Amino acid sequence: MQAKYEVADVLRLANTQTETFTIHQQKTLRALQQCRTAALGGHIDACGKCGNVSISYNSCRNRHCPKCQGHKREEWIQRREADLLPCTYYHVVFTLPQQLNALALHRPAFIYDALFQSVWQTLHQFGSKQGVQLGMISVLHTWGQNLSLHPHLHCIVPGGGVDEKGRWQKQLRSNKYLFAVKALSKVFRAKYVQQLRENEITDKSLIESLFAKDWVVYAKRPFGGPMQVIEYLGRYTHKVAISNHRIQEVTDCRVTFT
């Protein structure tokens, strides 16, 4: 079902002044406004029997465009099918506490690189205790459902790995969850704070606040099968912050989102 309003409508209505944006941001806003319009060109399809003529305009193919993600998602899913392993898969989410939000805005590259590294180090440590080298597919999200800053990493972890002799171990654990979330949380926090200290971020009040509460690690039960993993993850790899279907109303003075 086609959405009544589109992000492009909002941008055109706002008549956005882009002088203060970077070149990349200006290019993205322009692409979203011009997607599937005459500005990008197109082609005409005509039926030789009934005489019906239809015009199809070209897509912008920008990764931020809510209209251009469907086919890319399907292409991504098809490519990932070849990577599936014959084992159970688990979904684990690692979330940064809000005390790091200011630093994430000021130094995003470092904060997110540290997130990937600390999560991988955490899973590697837990896998090593089971005698295997684990792997993971991960997707970074920097916003939550209410579009506020909420950095978290979605990880799809195979329930198997390679032992010291290079042999594949199919079943890592037999229970319903990969690892205990409380244990993951403590190690994850320690690994991340270590990343901060190694990069000379030693603000005492910040470090103390990070240890004041438990960090959030969310673990789901195993997926039903490998293909469910790819379908599930595909929704995250090609998801944009504001989609056309979230726009409820557009007027001269405001835009309402769900």
Is it fair to say K170 is charged (D, E, K, R) and under 18 Å from N101 (Cα atoms)? no
Counted residues in segment 15-31 being touching a helix residue (DSSP H, G or I) at 6+ places or on another chain (Cβ under 8 Å) and either at pLDDT 80 or above or within 12 Å of C65 (Cα to Cα) (or both) come to 1
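Is it the case that F110 is at pLDDT 80 or above and in a helix (DSSP H, G or I)?
yes
Of the residues in segment 37-78, how many are of a type in the set (S, T, N, Q) and exposed (fewer than 15 other Cβ atoms within 10 Å of the Cβ)? It would help to see each step written out before you state the result.
Looking only at segment 37-78, we keep the residues that are of a type in the set (S, T, N, Q), and these are 37, 52, 54, 56, 58-59, 62, 69, 78.
Now drop any that are not exposed (fewer than 15 other Cβ atoms within 10 Å of the Cβ), which leaves 37, 52, 54, 56, 78.
The number of residues fulfilling the criteria is 5.
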I'd like to check something: does segment 114-127 contain any residue that is without any contact (Cβ under 8 Å) to a residue 12 or more places away in the chain and of a type outside the set (F, W, Y)? yes
Unmet requirement for D9, which otherwise passes all of (1) surrounded by 12 or more Cβ atoms within 10 Å (Cβ to Cβ); (2) closer than 30 Å to Y232 by Cβ; (3) modelled with pLDDT under 80: (2)
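The values are calculated or read from the model by the stated rules, or taken from the named source; none is laboratory data. Because the structure is a prediction, the values reported are computed rather than measured. Quick reminder, even Gly has a Cβ in these numbers, built from the backbone with ideal geometry, and neighbours come from all protein chains shown.
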